[in-house]
Each structure stands twice: as C-alpha cells, then as structure tokens.
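These notes concern the structure reproduced below.
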Amino acid sequence: MRCNACWRELEGRAISTTCGHLLCTDDASKILSNDGACPICDQVLSKSLMKPVDINPNDEWINMAMAGISPQILMKSAYRSVMFYIGQKEVEMQFKMNRIVAQCRQKCEAMQEKFTEKLEQVHTAYQKMAKRCQMMEQEIESLSKDKQELQEKFSEKSRQKRKLDEMYDQLRSEYESTKRSAIQPAGNFYPRNEPDLFASPANILDNRDAVRKGWPLFTPDTPGPREDVWPARQNSSNSGPFDISVGSPAKQPAIPTDAGNRRVSSQAVFGAGASNPSTTLRNLILSPIKRPQLSRNRPDHMFTFGDV
C-alpha cells in the first residue's frame, strides 16, 4: 500500500478516509491542520471521516477482530476490504500512469522543442536553397542565352570556314593547274632561237634576222643618216705586219704577196677596227679570233729584225 498524497510505501499505521483513500499519518495531520481536502477526490476531510488502521496487524488482532461476527457481516466486510484494495491499486496504477504520461509529455515537449528548432533550421535552409535555386535558374537562363549566342556565332564561323575552305580548294586547284601547265614539255611552247655567241658575225646576223621575222619594222619620222649596227669593212693600207726595226709605223717594208689574204681575213673577223673602237670590242666579245692561214710563201719569221 502507498500513501495517496505522497505515494510513499506505507509501513505500520495509516489513516483511511470514508472516500476510500489511504493516507500516511504525516499527510493526514497536514490535512486536518489545514482543513484541507482529499488529494485524490478533493473531498473535505475531518477527523470524524478518518480512521486509523494497521497495515500489518499481528496474529492476535487477526484472531480477535473477526470473533463473534456473523458470516454475512464477515463477507460484507471482506468485500469492502477487497474493493478498497482494488481501489487503492487503481489509484496507484493511475498515479503511475499519470507519472509516465507526465514523463512522456515532458519528453515529447523536449522533443517538440528540438523538432521545432530543427524545423526552423530546415525551413531556413529551405529558404536559402529556394533563393539559391532561383539564382541558379537565372544563371541557367543566362547561360542558355550565352549558349544560343555561341551556337549562332559557331554556325557563322563554321559557314565562313566552309567558304574559306572552298576558296582554298579553288585556289589550290588553280595553282595545281598552273603548275601542271608550267611543267609541260617545251614542245608545247613557241620555239625561240638562241644566238650562238661563238659563231661568226655573219651567222649571228642571220640568226637575229630569223628571230626578228615577225617583228614590225620601225622607221623614224624624220629622215636623216643612220649609223649601221655593223658598219662596212674599211680597207686600210696601213694594216698588216710591220717591221720592228723601222722606227715609225709609216716606214714599212713592202707587203708580201700573202699579206693581202691575211689582212682580208683579219678585217673580216674584226671589221673596221681603226675607225670604230667600240665596234671592234663588240666583235671581239661576240666572236672568237680566227687565226690567219699561213701561206706557203710566208717567210720563216713574221717580224724582221735589223742587223745587230
């Protein structure tokens, strides 16, 4: 048994009330001194409504308490005692349930506080994520616009690249065609006669005339004397070998019989050298010097020396 006020386990004597509750002596004294009410049913208690009982009676009291009482009264008293015990167990069970409920309520309140705090944190995080998602959507929209612009620019650049590739291929084909036409055999071109620099002046003039066949002749508007490119050969009586022994070229010995042949051949090669030195230099460059043929009647020495 427990006290229905302080819920301490009762030992020895206790106070029972007419309302069916059990109190310890300390709590009963407090209630009587304060004219209080029952802590369970709130019934106002007085000393006449309270009766002291022995929680653990001895055997003598048990044997003498029920002596001389009829069985009907004993059964009624036993029934009252059993119902009181059941009532006390129910009150005790209710107290335990209330205590458990209070503990659970306290735990639930603590959990609710934690849950509310967590919920606020989650709500704050949700708001932050919502703002971040909104910013990300705006960024995605901006990136989509940039992507579209880049795709358009890429398409334009690709079109320009294809155009440049086509132009490059066209220019390359033209270059290859020009290159193939440039390396074709020489027979496909017009022949050109190159002058032989080691030929005689007469042959050079003939070759140059053959090259100039298709050229139009240009005549000056104003008539006048014209200097020939190749002037006529001028015979000079002073040409030919001279004697070293003679002090002056004017005093020369008689010309041998084959000297005329030598003079003719040398003048045919060099032209009129005495009258036009530039023409002589040109003839020397364009044609090799031909050695004169020595006649059989030529003396052993070309030059005559005086007596020593």
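Below, the figures for the structure above:
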{"item": "³J(HN,Hα), Karplus 6.51/-1.76/1.60, whole Hz, each residue of segment 89-97, x for Gly, Pro", "result": "5, 5, 4, 4, 5, 5, 4, 4, 5"}
{"item": "Neighbour-count ranking [beta-carbon atoms within 10 angstrom, fewest first] of 164, 32", "result": "164, 32"}
{"item": "Restraint check, 118/145; 30/89; 30/96; 107/131, Cα-Cα greater than 32 Å", "result": "118/145; 107/131"}
{"item": "Segment 1-65 - convex hull of alpha carbons, volume per residue in Å³", "result": "83 Å³"}
{"item": "Where labels lie 7 Å past Cα in the beta-carbon direction, separation of residue 69 and residue 103 in nm", "result": "3.9 nm"}
{"item": "Order of 7, 61 - criterion: other Cβ atoms within 10 Å of each residue's Cβ, fewest first", "result": "61, 7"}
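Values quoted throughout were computed directly from the atomic coordinates according to the rules given, and no laboratory measurement underlies them. Because the structure is predicted, anything quoted here is derived from the model rather than measured. All Cβ positions, glycine included, derive from the backbone under ideal geometry; neighbour counts span all protein chains shown.
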